[in-house]
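Accompanying notes for the structure given below.
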Amino acid sequence: MKIYKLLTTTLLLFVLLSCGSNSNQKKNFFSITTNADKGTISIDETLKLSIENKRNYTIDSVVYTLNGKSISDGYTLKSHKLGKYPIEALVYYNGNDTQAVTSSITILNNTPPKIYKYNIINQYPHDITSYTQGLEFYNGKLYESTGQYKESKLRQIDYKTGEVVKNINLADAYFGEGLTIMNDKMYQLTWKSNTGFVYDVNTFEKTGSFSYGKSKEGWGLTHNDTHIYKSDGSENIWLLNPETLVEADKIQVYTNKGKITDINEMEWINGKIYANRYQRNGVAIINPENGAVEGVIDFTPLKNKITQHEKLDVLNGIAYNPDTKTIFVTGKRWDKLFEVEVVE
């Protein structure tokens with residue numbers, strides 16, 4: 001009898017606790033249905049939205065948002081940026097009840113990247129010890145940022161002779177990364193130190209530093225007239241306010257098939273972002289408005305034209321010379337700098 005009472009009391013206590021633990025949980029009575037195929041949809045399509053009503057409640061109205069922006073069924077994606085975004089639906093039902101449900105879609109480009117070729121115009125000497133991370137022309141002069149701990153540098157180079165005109169070494173604790181120059185200021189990233197540096201381009205004097213925001217690593221830099229663009233090794237390219245260096249926005253790099261990660265060194269050329277992918281010898285041509293990869297240049301054959309040695313690494317370093325309207329490319333510990341023109 002005592003055992004029976006004990007079992008009964010234990011069972012009753014279990015039921016009470018179970019009811020109490022679920023009393024504040026609200027089941028999802030609704031879910032979002034879209035015309036995205038396995039969660040992906042092309043940018044040239046129209047997004048169709050509906051609510052699956054699991055309990056046949058009376059739905060009064062639904063408010064949809066895509067990445068925080070209010071949208072409606074039949075939303076045209078043409079002007080939207082590519083990438084993965086959350087969809088939320090706030091469902092009003094049964095007169096005075098509401099429920100928020102979430103989903104997501106991935107917006108892809110509608111065409112595959114165009115494949116471009118190149119012609120070599122000139123070859124110039126390049127420091128074979130430089131682990132090139134960033135390369136950029138400014139007022140007719142070539143500047144380079146290099147990496148590796150205890151080897152990282154910032155340089156001005158005579159590109160025709162390979163002579164180092166100016167040089168400063170980073171502290172041993174920093175691994176140098178991307179470089180860009182805007183309004184006489186040089187911006188240089190470091191890899192995992194969450195720190196970027198600002199220098200006077202004329203004196204190489206360090207005038208400031210900045211911390212990263214949501215992008216935890218520093219990889220590549222470029223800029224246009226209004227923003228500095230920063231890569232972090234993922235598919236994301238962040239737009240930095242050039243005055244505050246705060247990440248104001250981002251684009252995600254996608255093709256018609258999916259995301260492109262390992263975005264590294266970048267260069268702004270005629271309204272597009274040209275970007276290396278780490279450990280690959282190609283360059284992606286990216287639309288900065290929506291993140292679409294519109295073209296690809298395969299520079300793999302260049303690696304066979306340089307001195308082969310034990311520490312030789314991949315192509316990295318893109319610089320556009322507005323005076324010659326040509327592109328300069330090199331790589332990590334390459335002994336040559338190539339001047340090329342891109343052709344169809």
Matching residues in segment 230-257 - criterion: being open to solvent by less than 10 Å² (accessible area, probe 1.4 Å) and assigned to a strand (DSSP E or B):
Lys230, Ser231, Ile237, Leu240, Ile251
Sole exception among (1) closer than 24 Å to Asn236 by Cα; (2) modelled with pLDDT under 95; (3) not charged (D, E, K, R) for Ile43, by number:
(2)
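Select from segment 181-202 the residues that are in a strand (DSSP E or B) and either surrounded by fewer than 18 Cβ atoms within 10 Å (Cβ to Cβ) or in contact with a Pro (Cβ under 8 Å, 6 or more places away or on another chain) (or both) and list them in ascending order.
Matches in segment 181-202: Met182, Lys185, Thr195, Val198, Asp200.
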What strands (runs of 3 or more DSSP E) lie completely within segment 112-180 and have 1 or more residues being under 30 Å from Leu82 (Cβ atoms) and modelled with pLDDT of 95 or more?
114-125, 132-138, 141-146
Checking the condition under 21 Å from the mean Cα position of the chain (by Cα) and assigned to a strand (DSSP E or B), which residue from Val293, Val342 passes?
Val293
Over segment 210-260, the set of residues of a type in the set (Val, Ile, Thr) and modelled with pLDDT of 95 or more is Thr222, Ile228, Ile237, Ile251, Val253, Thr255, Ile260
Can you find even one residue in segment 146-153 that is free of Cβ contacts under 8 Å to residues at least 60 places away in the same chain, crowded, with 24+ Cβ neighbours inside 10 Å and polar (S, T, N, Q)?
yes
Selected residue (criterion: nearest to Thr330 (Cα to Cα)) from residues of segment 102-144 that are aliphatic (A, V, I, L, M) and open to solvent by 10 Å² or more (accessible area, probe 1.4 Å):
Ile128
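Would you confirm, using the coordinates I've provided, whether Glu205 is exposed (fewer than 14 other Cβ atoms within 10 Å of the Cβ) and of a type in the set (D, E, K, R)?
Spelling it out, Glu205 is indeed exposed (fewer than 14 other Cβ atoms within 10 Å of the Cβ) and of a type in the set (D, E, K, R).
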Sort out which residues of segment 190-205 are charged (D, E, K, R) and closer than 25 Å to Tyr320 by Cα, and write them in order of number.
Asp200, Glu205
Pair list, Cβ < 6 Å and 6+ apart or interchain, from segment 212-234 residues that are among the hydroxyl-bearing types (Ser, Thr, Tyr) to residues that are buried (at least 18 other Cβ atoms within 10 Å of the Cβ) and part of a loop (DSSP other than H, G, I, E, B):
Ser215/Asp232; Ser231/Trp219; Ser231/Gly220
Among the residues of segment 264-291, how many are out of contact with any strand residue (DSSP E or B) (no Cβ under 8 Å at 6 or more places or on another chain) and open to solvent by less than 10 Å² (accessible area, probe 1.4 Å)?
0
Close pairs from segment 290-302: first on the phi < 0 side of the Ramachandran plot, partner among the basic types (Lys, Arg) and part of a strand (DSSP E or B), Cβ under 6 Å, at least 6 apart
Gly295/Lys114
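The values are calculated or read from the model by the stated rules, or taken from the named source; none is laboratory data. Because the structure is a prediction, the values reported are computed rather than measured. Every residue, glycine among them, receives a Cβ derived from its backbone with ideal geometry; neighbour counts consider all protein chains shown. What goes into the accessible areas is simple: the full protein's heavy atoms, side chains included, and nothing from ligands, DNA or RNA. Shrake-Rupley method; radii C 1.70, N 1.55, O 1.52, S 1.80 Å.
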